[in-house]
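The values are calculated or read from the model by the stated rules, or taken from the named source; none is laboratory data. Keep in mind that this is a model prediction, so the values were computed, not measured. As a convention, Cβ positions derive from the backbone with ideal geometry for all residues, glycine included, and neighbour counts pool all protein chains shown.
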Amino acid sequence: MRSRRHFRPAGGNVPGMAASDTGIDPGKWLRRSLSLSGERPSWSQALRAAVAFGAVTAAALAWGELQAGVFAASGMVLGVMQPETGPYRSRVLGLLVPQLAGAAGLVIGQLSHGHGWWAVAVTALVALVSGLISSIGRVASGAGLSLLFLNVIGTGLPASGALWLPPLCQLAGGAFYLLLALLSWRLQGTGADPGHRAVAEVYDKAADLLQALPRAGDAQAALNAAVDAAQDALMRHQIRGEGGWDAQTRWLVAMLNAATPLLEAVTVLARSARPAPAGAAEAVRRIAEAVRAGRRDARIAPVPGDPVLARSIEYARARLSQPHPEDPDWLGLPEPLPVRALAAVRTACASGAAWRYGARLALCMAIASAIVESGAVLRVLWVPTVHSVWLPLTVAVILKPDFGSVFTRALLRALGTVAAAVPTLLVLVLVPRGWAAVPLAAFFGGLIPVLKVKSYAARTVAVTPLMLFLFDMVSPQPSDELVLARLSDTLLGCLIVLVFGYACWPESWRARLGERLAAGLESAAGYLEEAFTGSHAAWARHRRALQRDLSAVQNALRQTLAEPPPAGRRGAAWWPVLMALQQLVDAVTAAAVEVREGAAPPPPREVAALAEELRQMAVAVRRERPPPTGEPPPVGDANVLEDVAVQVHRLRQALPL
């Protein structure tokens, strides 16, 4: 076993460098916000949305029930705005749960309609609940937005017949879109299903990393993201417990677990800055192809040159044909659904961040609703009263917590609405109301999936014409007044968010990343101590949980970089710390693998000293003051902890304190 003194960080940025050396320019936050994503739109989803909105509009015109058609279209808007990724059960839940939450919000809104300040209080309470449940997860976040979105519509639009009719129409529209989605997925289901693709992607990204060595670059981050996605695809939203899984799911979970020794071996190789042995990447690629096709075998030639890597590849190949329920649980299987649901609710209710976000949302929604309910305020502000339901709707959508920077969303919402308002006005004025609305509804509806993946501004440009068009169908007011109301409400809503949801809450514009990074440092300290004393399975689960936490911190940092200075500049200063922490985790992983392969374990006192150093850094980050000065903990020569000590020292130097 080679000495750790020959190891150096492999590829990527060297921790401790200045923020400007990472390629992140905090002064270009606006350019990053306005840039379009390279993600390709789903043309099948666009076609499905066009058919859905066109069919519902035609049905509403044929039966003379235009307002019912608007409610049905609202249900489809909730569906088309949801992401369609992961296994089919997650997609169905992502479409179904928001519809049920939206129906509840619509009923609550109708009950409070016309009750003045009671309507304001109810809207604020619904906003608080929406903010709390949005912190649970992606599906709950969509449900929270749907609850608030349709509550505002129910409060702002006049009553339409029986109380149960609008939510029934909305659910019917959502069910119709879900049916079209199921048919579309069925027609597209000729290839591998999402679970097979997600697990195969883990092996593909491992092969990419092997090909990229000796410089890992971004391949390491892509591999971590692939493992996170595969865990979500197989284990998130599992209704049945482990004992109720079907044979195919068990096999996929076994193959994902079997990738754990491979990931450890690749980490060791990447830390050594050596190229991968000949044929290693191709062997891993063959396993990926077998998993994607559902084959239980793969012909793989022996991989020479690295026994640890060769054994891990052979272990994964053997699992293809011989997966057993008693295989090691290196990822951590999910708890039963009731246990997870109760834990999620408890976490949301106990989270200070969730309550603060809910309070921000409730305050802004209360102000917006109060302005709508008070005609005198509208007249003073020169805001037309036509469809001022858009004022609280604008606030609700901008303050959505997982869409990115609030400041940037407010800016892009205003720009997107202005960009879409004039062309939409021309269309509404030139095209007469009637059956000409059917192709327009199909066009506007199909435009949403095409543009929503590009940027938040593009999403606004797509949704604005459709919502204006839908309200124009039932509004007795001229189209120009309708567009003017949409434009003025949006600008006023953006102003409310910027003042009462952003400027008045320092945590929204300051880079408050210290607590997350401090928690990551403490978790890394525990991971270091467990690496040489705990069981392999528990240690591997700890590493996976730590990697997911670091991914969450990285997402928070990217969101901070979209803020204008000083928040964006502060986020750029913390970026090298995250990179250094990731390098440290990889160094600990490599050291632990070496010990399992026969290297001498490090002295416990040296492990404890390095772990204590990390905990002191965590305390310093929380207090926002430099850690105590002193020499780094000594590590003996030819010690597996040598590279770990180097990374701890670099991490200390990277702290912007």
| message | Given the condition modelled with pLDDT under 80 and charged (D, E, K, R), answer yes or no: does some residue in segment 610-617 qualify? | response | no
| said: Given the criterion modelled with pLDDT under 90, part of a loop (DSSP other than H, G, I, E, B) and within 28 Å of the chain's Cα centre (by Cα), identify the matching residue among Ala216, Ala225. | reply: Ala216
| Spans of helices (runs of 4 or more DSSP H) in segment 268-350 with at least 3 residues under 23 Å from Ala538 (Cα atoms) | 307-321, 337-350
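Each row is one residue, and each column tells you yes or no for (1) more than 20 Å from the chain's Cα centre (by Cα); (2) in the same structural domain as Val646 (by TED's automatic domain parsing); (3) surrounded by fewer than 20 Cβ atoms within 10 Å (Cβ to Cβ); (4) under 27 Å from Ala230 (Cβ atoms).
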{"position": "Val497", "(1), (2), (3), (4)": "yes, no, no, no"}
{"position": "Gly520", "(1), (2), (3), (4)": "no, yes, no, yes"}
{"position": "His536", "(1), (2), (3), (4)": "yes, yes, yes, yes"}
{"position": "Ala552", "(1), (2), (3), (4)": "no, yes, yes, yes"}
{"position": "Arg558", "(1), (2), (3), (4)": "no, yes, yes, yes"}
{"position": "Gly571", "(1), (2), (3), (4)": "no, yes, no, no"}
{"position": "Val588", "(1), (2), (3), (4)": "yes, yes, no, yes"}
| Which numbered condition trips up Ser184, out of (1) crowded, with 19+ Cβ neighbours inside 10 Å; (2) in a helix (DSSP H, G or I)? | (1)
| message | Yes or no: segment 373-380 includes at least one residue that is at pLDDT below 75, small (Gly, Ala, Ser) and over 10 Å from Leu492 (Cβ atoms). | response | yes
| Which one of the conditions (1) in contact with a Ser or Thr (Cβ under 9 Å, 6 or more places away or on another chain); (2) on the phi > 0 side of the Ramachandran plot does Glu642 fail to meet, given that it meets all the rest? | (2)
| said: Which residue is modelled with the lowest pLDDT, if the candidates are limited to segment 591-609 and must be loosely packed, with under 13 Cβ neighbours inside 10 Å and outside any helix (DSSP H, G or I)? | reply: Gly598
| What is the number of the single condition among (1) crowded, with 19+ Cβ neighbours inside 10 Å; (2) modelled with pLDDT under 85; (3) hydrophobic (A, V, I, L, M, F, W, C); (4) under 24 Å from Ala538 (Cβ atoms) that Leu581 does not meet? | (2)
| request: With respect to Leu95, determine if the residue is touching a Gly at 6+ places or on another chain (Cβ under 7 Å) and modelled with pLDDT under 90. | output: yes
| message | I'd like to check something: does segment 61-68 contain any residue that is aliphatic (A, V, I, L, M), in contact with a Gly (Cβ under 8 Å, 6 or more places away or on another chain) and under 30 Å from Gly434 (Cα atoms)? | response | yes
| field | Output for segment 555-569, where each listed residue is in contact (Cβ under 8 Å) with a residue 60 or more places away in the chain and assigned to a helix (DSSP H, G or I) | value | Gln559, Thr560, Leu561, Gly568, Arg569
| said: Taking the criterion of being more than 18 Å from Leu391 (Cα to Cα) and at pLDDT below 90, would at least one residue in segment 122-129 satisfy it? | reply: no
| task | Return a yes/no flag: does segment 322-341 have any residue that is surrounded by 13 or more Cβ atoms within 10 Å (Cβ to Cβ), at pLDDT 75 or above and within 24 Å of Glu201 (Cα to Cα). | result | yes
| said: Could you list, ordered by first residue, the pairs with Cβ atoms under 9 Å in which the first is in segment 37-50 and more than 20 Å from Gly173 (Cβ to Cβ) and touching a residue at least 60 places away in the same chain (Cβ under 8 Å) and the second is surrounded by 15 or more Cβ atoms within 10 Å (Cβ to Cβ) and small (Gly, Ala, Ser), at least 6 apart or interchain? | reply: Ser37/Ser455; Ser37/Ala458
